[in-house]
Amino acid sequence: MNDLLEENQRLRGERDLLRRKLAEVEENFLRTVQESQQEILVINEALAQANSQLQELDRMKDAFLSMVTHELRTPLTAISGITEMLETGIYGELTREQAEHISQIATQATRLRQLVNDLLDLSKMEAGMMKLRREMFDPRSLVEAVIEQLTTLAQRSSVLLRNHVLQDLPEAYCDGRRIEQVLTNLVTNAIKFTPPGGQVIITGESRVLTEGVKIFLCVADTGQGIPPEALPRIFDKFFQVQSSTETRTKGTGLGLAIVKHIVELHGGEVSVESQLGKGSRFFFSLRTTDCGLRIADCGFDNERSS
């Protein structure tokens, strides 16, 4: 009997000890949770403050860019006008060296004017001030107009431009000038990243979907492709892909951002597929009437056009 009593007391002692240890563990756990919650609150407050500061900096940057681009327009117009007069010989015949320098000035002024126009367009789009003038346009005609404008650029780069857009597509309900701007940006980009001997192919087709008939255009190239880690940011403004041919492909990082804004203003979507060493394909959708679009329904297969 005494043995049983002693064993019972021993077990009770162990139970009480376990209870105390469990209470200590629970107390320590609750203290740790409270401290962690307090740290999380502090971190969240710091993040909210940092985010607010970043938003303010972004707003200030956009305002500065808008002001600068507006201020640049007037002197640019003067530079371009004087350069054109010099090229015509209105102030006297130019020597060969003078003509080359004037040509360089004209080229750089054109590039700067394009940058200013891109910045102004992007500023208007982000502010919701871009107005579209929608009409019915033949998609193939829009593509043909862009190819005609960029044929010289493609020839200089030894890149072949091919129009594979179907001739019997329904008309697109869009702002023709803005869609030409989309195509110009995409095709110019494709030419830049395509080596000599490569090709840029524009394809297009229509699909009958539950919400209506949609047109889907694709600009494909046989260039170097885009690294997978760059794809999520490819349509961000000022983002540029690091390239092994950086001196040849250097740009402003605005073209694809403008493409995305214009397509979305039309109620469409834009997407990209790319493989390193094989090239890239940029897709965008257009409406034939005033209805919604889904790029996922475009129906393009996963094989490169040829």
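Looking at Arg59, Arg12, Arg73, can you tell me which residue is in a helix (DSSP H, G or I) and either farther than 30 Å from Leu115 by Cβ or in contact with an Asp or Glu (Cβ under 6 Å, 6 or more places away or on another chain) (or both)?
On the way: Arg59 fails: either farther than 30 Å from Leu115 by Cβ or in contact with an Asp or Glu (Cβ under 6 Å, 6 or more places away or on another chain) (or both); Arg73 fails: either farther than 30 Å from Leu115 by Cβ or in contact with an Asp or Glu (Cβ under 6 Å, 6 or more places away or on another chain) (or both).
Residue meeting the stated conditions: Arg12.
Taking Arg177 as the residue in question, decide whether it is surrounded by fewer than 18 Cβ atoms within 10 Å (Cβ to Cβ) and either in a helix (DSSP H, G or I) or at pLDDT 95 or above (or both).
Values: surrounded by fewer than 18 Cβ atoms within 10 Å (Cβ to Cβ): yes; either in a helix (DSSP H, G or I) or at pLDDT 95 or above (or both): yes.
It is true that Arg177 is surrounded by fewer than 18 Cβ atoms within 10 Å (Cβ to Cβ) and either in a helix (DSSP H, G or I) or at pLDDT 95 or above (or both).
What number of residues within the range 192-220 satisfy the criterion of being open to solvent by 10 Å² or more (accessible area, probe 1.4 Å) and under 20 Å from the mean Cα position of the chain (by Cα)?
Total meeting the criteria: 2.
Only one of Leu30, Leu54 is closer than 30 Å to Leu119 by Cα and part of a helix (DSSP H, G or I). Can you tell me which?
Just a single option satisfies the conditions, and that option is Leu54.
From (1) hydrophobic (A, V, I, L, M, F, W, C); (2) within 26 Å of Ala257 (Cα to Cα); (3) touching a residue at least 12 places away in the same chain (Cβ under 8 Å); (4) open to solvent by less than 70 Å² (accessible area, probe 1.4 Å), pick out the condition that doesn't hold for Ala63.
With respect to (1) hydrophobic (A, V, I, L, M, F, W, C); (2) within 26 Å of Ala257 (Cα to Cα); (3) touching a residue at least 12 places away in the same chain (Cβ under 8 Å); (4) open to solvent by less than 70 Å² (accessible area, probe 1.4 Å), Ala63 is out only on (3).
Of the residues Leu47, Leu120, which is within 30 Å of Ile202 (Cβ to Cβ) and of a type in the set (A, V, I, L, M, F, W, C)? Even if it seems obvious, please write down each step before you answer.
On the way: Leu47 fails: within 30 Å of Ile202 (Cβ to Cβ).
Testing whether each residue is within 30 Å of Ile202 (Cβ to Cβ) and of a type in the set (A, V, I, L, M, F, W, C) leaves just Leu120.
Against the definition (under 17 Å from Ile201 (Cα atoms), open to solvent by 20 Å² or more (accessible area, probe 1.4 Å) and either of a type outside the set (Ser, Thr, Tyr) or free of Cβ contacts under 8 Å to residues at least 12 places away in the same chain (or both)), how does Arg140 come out, yes or no?
Judged against the criteria, Arg140 is a match.
Give the number of residues within the range 152-172 that are outside any loop (DSSP other than H, G, I, E, B), farther than 22 Å from Arg287 by Cβ and open to solvent by less than 50 Å² (accessible area, probe 1.4 Å).
Here is the first cut: in the range 152-172, the ones outside any loop (DSSP other than H, G, I, E, B) are 152-156, 160-165, 172.
Keeping just the survivors that are farther than 22 Å from Arg287 by Cβ gives 152-156, 160-162.
Restricting the remaining residues to those that are open to solvent by less than 50 Å² (accessible area, probe 1.4 Å) gives 154, 161.
Within the range 152-172, residues that are outside any loop (DSSP other than H, G, I, E, B), farther than 22 Å from Arg287 by Cβ and open to solvent by less than 50 Å² (accessible area, probe 1.4 Å) number 2.
Among Glu84, Glu14, which is surrounded by 11 or more Cβ atoms within 10 Å (Cβ to Cβ) and among the acidic types (Asp, Glu)?
That would be Glu84, the only listed residue that is surrounded by 11 or more Cβ atoms within 10 Å (Cβ to Cβ) and among the acidic types (Asp, Glu).
The values are calculated or read from the model by the stated rules, or taken from the named source; none is laboratory data. What you are looking at is a predicted structure, and each value in this text was computed from that prediction instead of being measured. We place every Cβ from the backbone using ideal geometry, glycine too, and count neighbours over all the protein chains shown. Heads up: the accessible areas ignore ligands, DNA and RNA and are worked out on the full protein's heavy atoms, side chains in. Shrake-Rupley method; radii C 1.70, N 1.55, O 1.52, S 1.80 Å.
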